[in-house]
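What follows is a set of notes on a single structure, which appears directly below.
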Amino acid sequence: MCKNNGTRWIGRIKKKDLLIPDVIRHDGGGRKSIDKQYQNIDEIFLQVIAEHIAGDPMNDKIRWIKLSRSEISEKMAVFDIKISRKIVKKLLKKHNFVKRKMQRKRSTGKSADREQQFQNIIAEKEKFMNSDNPIISVDTKKKEQVGGNLHRDGSVYCTQAIEVSDHDYAHLADLKIAPHGIYDIKQNKAHVNIGVSCETAEFICDSLKNWWLNIGKNDYPKASEILMFCDAGGANSYRHHIFKSEVQKLVNDINIPLKIVHYPPYTSKWNPIEHRVFSHITRALAGVPLNTVDEAKSRIESAKTKTGLTVTAGIIQKTYETGRKVAKDFMKNLKIKFGDSVPKLNYTIYPMELADM
């Protein structure tokens, strides 16, 4: 049929005089709803799943089912109720069973300074929000294997499934990368420095230096201090003398004080970069093999959100030595001022060139 004929027929069927009212379905016609077909379907459904429900002993509102939709459908058929997996899904939702992922929210421990330190974090953030100084949240994302054509979780739209190695042995990868992120809370943008060596205090400080000289300094030309939120452990642990020693070298180089505020132990998931940046980078890296560092960089830079998050990335090729120690008298070369509240988690390190505090 040619296009003109098709257009003519569409025009004809829209005319009211061609509609035949006698063939319109009467009220109540068509397939009956499941509830009308099986009046006791809810009762049988609850009976079927009753023996296969587990729950949280500390919270009676949290329950889950150890049956798949197909298994529920099969068990319902024993009671002469034949329903599809799609109907089972509707029944599950009706009775408040919705597919959910586990949430990493329960702390494995508790810090004695938790509540006080969170008050300190709020106070410091409010103070810096009204200044010309940057507020950054930093952390190192989970290390990623590059090369070896290894499998990665997630999926992407493609014309054919991507074939990768059938095993994910570490020795198959060419190297591991350590993506260190710096999230600018005020401007909602992040920069990730990809390390091809080990995650050390020196690497973290090099990453911060690269960010400040190439991005931060231009974004905050009037800055007189940097506020940095970070975790309590890892290479930037408040317990490690080597971290404070490397930060002193950093602030001497960039000639600006760095106020460091650690999140209390067991609360790293509260660090803003975790949920505002890393979750989106994880999604950007999902479903495709990372065969080169440049590919990883490109994928990281593709992360963005509808709320305006943008991500840039760079690569640090330097090799870092692990297990380094500081001199016993390193405190003599440290220009540090501890906070009045929870001092071990709150301190500012000043450049040596600046006047006394």
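The values are calculated or read from the model by the stated rules, or taken from the named source; none is laboratory data. What you see is a predicted model; the values in this text were computed from it and never measured. Every residue, glycine among them, receives a Cβ derived from its backbone with ideal geometry; neighbour counts consider all protein chains shown. These area figures cover heavy atoms from the full protein model, side chains too; ligands, DNA and RNA do not enter into them. Shrake-Rupley method; radii C 1.70, N 1.55, O 1.52, S 1.80 Å.
The set of residues from region 250-282 being of a type outside the set (Val, Ile, Thr) and more than 28 Å from Phe118 (Cβ to Cβ) comprises Asn252, Asp253, Asn255. Of all the criteria given as (1) touching a residue at least 12 places away in the same chain (Cβ under 8 Å); (2) open to solvent by less than 80 Å² (accessible area, probe 1.4 Å); (3) part of a strand (DSSP E or B), the one not satisfied by Gly55 is (1).
Please go through region 238-257 and give me each residue that is under 21 Å from Ala327 (Cβ atoms), outside any loop (DSSP other than H, G, I, E, B) and either among the aromatic types (Phe, Trp, Tyr) or open to solvent by less than 40 Å² (accessible area, probe 1.4 Å) (or both), ordered by number. Before you say what the answer is, go through the steps one by one.
Of the residues in region 238-257, the ones under 21 Å from Ala327 (Cβ atoms) are 238-253.
Imposing the further condition that a residue be outside any loop (DSSP other than H, G, I, E, B) reduces the set to 241-253.
Within region 238-257, Ile242, Phe243, Lys244, Ser245, Glu246, Val247, Gln248, Leu250, Val251 qualify.
Counting only residues that are open to solvent by 20 Å² or more (accessible area, probe 1.4 Å) and assigned to a loop (DSSP other than H, G, I, E, B), which one in region 287-303 is nearest to Val156 (Cα to Cα)? Quick ask: steps written out before the conclusion?
Of region 287-303, the ones open to solvent by 20 Å² or more (accessible area, probe 1.4 Å) are 288-289, 291-295, 297-299, 301-302.
The next check asks that each one be assigned to a loop (DSSP other than H, G, I, E, B); those that pass are 288-289, 291-292, 302.
Working: Val288: 7, Pro289: 11, Asn291: 16, Thr292: 19, Ser302: 14 Å.
Here the residue is Val288.
Filtering Lys306, Lys337, Lys325 for residues that are open to solvent by 30 Å² or more (accessible area, probe 1.4 Å) and in a strand (DSSP E or B) leaves a single hit, Lys337. In region 125-138, the condition of being over 19 Å from Ile62 (Cα atoms), touching a Gly at 6+ places or on another chain (Cβ under 8 Å) and part of a helix (DSSP H, G or I) is met by no residue.
Across region 340-353, the number of residues qualifying as in contact (Cβ under 8 Å) with a residue 60 or more places away in the chain and part of a loop (DSSP other than H, G, I, E, B) comes to 6.
Sort out which residues of region 153-183 are closer than 30 Å to Ser237 by Cβ and over 16 Å from the mean Cα position of the chain (by Cα), and write them in order of number. Break it down into steps so the answer makes sense when it comes.
Let us first name the residues in region 153-183 that are closer than 30 Å to Ser237 by Cβ, namely 153, 168, 170-171, 173-183.
Residues satisfying the conditions are Asp168, Ala170, His171, Ala173, Asp174, Leu175, Lys176, Ile177.
Only one entry of Ala112, Ala50 meets the criterion of being more than 30 Å from Pro264 (Cβ to Cβ) and at pLDDT below 90, and that entry is Ala50. Residues in region 133-161 that are exposed (fewer than 13 other Cβ atoms within 10 Å of the Cβ), of a type in the set (A, V, I, L, M) and touching a residue at least 40 places away in the same chain (Cβ under 8 Å): Val156 only. Quick test for you: out of Ile122, Ile72, pick the one residue that is touching a residue at least 12 places away in the same chain (Cβ under 8 Å) and aliphatic (A, V, I, L, M). Unique residue meeting the criteria: Ile72. For Ile185, the conditions (1) in contact with a Pro (Cβ under 7 Å, 6 or more places away or on another chain); (2) surrounded by fewer than 15 Cβ atoms within 10 Å (Cβ to Cβ) all hold with the exception of (2). Kindly provide the set of residues from region 263-281 that are touching a residue at least 24 places away in the same chain (Cβ under 8 Å), in a helix (DSSP H, G or I) and open to solvent by less than 70 Å² (accessible area, probe 1.4 Å), ordered by number. Correct list: Ser268, Pro272, Ile273, Glu274, Val277, Phe278, His280, Ile281.
If you go through region 222-231 and pick out every residue that is of a type in the set (A, V, I, L, M, F, W, C) and open to solvent by 10 Å² or more (accessible area, probe 1.4 Å), you end up with 1.
Within region 316-337, residues that are of a type in the set (A, V, I, L, M, F, W, C) reach partners that are not in a helix (DSSP H, G or I) with beta carbons closer than 6 Å, at six or more positions or on different chains, in the pairs Ile316/Asn193; Ile316/Gly195; Ile336/Tyr347; Ile336/Ile349.
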